[in-house]
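Student: So that we are looking at the same thing, I have put the structure below in structure tokens.
Read the figures in this text as sums done on the coordinates, not as results from a lab. Worth saying up front: this structure is predicted, and the values here are computed from it rather than measured. So basically every Cβ, Gly included, is an ideal-geometry build from the backbone, and we count neighbours across all protein chains shown.
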Amino acid sequence: MIRVDNLHKNFGNLEVLKGVSLEVKKGEVLVIIGPSGSGKSTILRCINLLEEPTKGDIYIEGEKINDKKADINKIRQKVGMVFQHFNLFPNMTAIDNITLAPVKVKKIDKKDAEDIAINLLKKVGLEDKRDSYPVKLSGGQKQRLAIARALAMQPDVMLFDEPTSALDPEMVKEVLNVMKELANEGMTMIVVTHEMGFAREVADRVIFVDDGMIVEEGTPKEVFENPKNPRTKEFFSKIL
Ligand code: ADP
Ligand code: MG
């Protein structure tokens, strides 16, 4: 479903990604862990072309996306993204947040888009919030709305960038539960997170990124119980 080949990203003189290669199969959940500033967000942002790779190739379903001929809008439709800080449209109700892109970008009939949105609101447990503005929602509700909004485009892949890092502790679980359900339904997902319980339970594979490189990769059991790289061990000793 996704193949990243020798991805490099520089910001000016700063070399942020130094040759990252990874693969995610259809229906797989890949969890990316690693210290702050190691390049995790940049990897995700390259995969949905919010950043342009400096070098290397990214393929989604066999199509090279960092290609001059690639249709960026079509690619972005395949890849849903959920951010740490929700990035909802503050001046729109919950349901309008969800229907905007399907109507504007996918040209779906407004009524059909609303039917889809109502089902998605139910799915994330927000059916009673359809007419609420984001400011009236808790952090956990905002993030569940952001997930519903991304799903409305019927993406093939979902990218999550620390989706629970900005939440109060009591709201983390409700968001992780929605993500678990998605994984169980077979969604292909890449999740950057510090939630090690989620990684252990849901991830098919875990990669540890340090200083712009993948320094460790394996099943959750392999990475958590028997980390080989000293930097992975040091990271765990700080957070676990
Ligand atoms: P992580 O998500 O692992 O915390 P990031 O991918 O956000 O790391 O950032 C990796 C490095 O790239 C950091 O040093 C960050 O300051 C730098 N960086 C990220 N985005 C930009 C940008 N748009 N311009 C300049 N530097 C950036
Ligand atoms: Mg980040």
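Student: In segment 11-41, what residues are near ligand 1 (Cβ under 9 Å from one of its atoms) and free of Cβ contacts under 8 Å to residues at least 60 places away in the same chain?
Tutor: PHE11, GLY12, LEU14, SER36, GLY37
Student: Check GLU174, GLU222 and return the single one that is part of a helix (DSSP H, G or I), among the acidic types (Asp, Glu) and within 21 Å of MET81 (Cα to Cα).
Tutor: Within the list GLU174, GLU222, the selection yields GLU174.
Student: Follow-up. Tell me which residues, restricted to segment 5-46, are within 20 Å of GLU61 (Cβ to Cβ) and part of a strand (DSSP E or B).
Tutor: Residues satisfying the conditions are ASP5, ASN6, LEU7, VAL20, SER21, LEU22, GLU23, VAL24, VAL29, LEU30.
Student: Now for a different question. So how many residues does segment 1-49 have that are over 13 Å from the mean Cα position of the chain (by Cα), within 16 Å of ligand 2 (Cβ to nearest atom) and surrounded by 15 or more Cβ atoms within 10 Å (Cβ to Cβ)?
Tutor: Of the residues in that region, 9 qualify.
Student: Any residue in segment 147-170 that's closer than 21 Å to SER41 by Cα: show its pairings with residues that are part of a helix (DSSP H, G or I) and of a type in the set (D, E, K, R) at Cβ separation under 6 Å, as long as the two are six or more apart or on different chains.
Tutor: PRO155/LYS78; ASP156/LYS78
Student: Same structure again: May I ask you to verify whether VAL103 is touching a helix residue (DSSP H, G or I) at 6+ places or on another chain (Cβ under 8 Å) and under 27 Å from VAL24 (Cα atoms)?
Tutor: Spelling it out, it is not the case that VAL103 is touching a helix residue (DSSP H, G or I) at 6+ places or on another chain (Cβ under 8 Å) and under 27 Å from VAL24 (Cα atoms).
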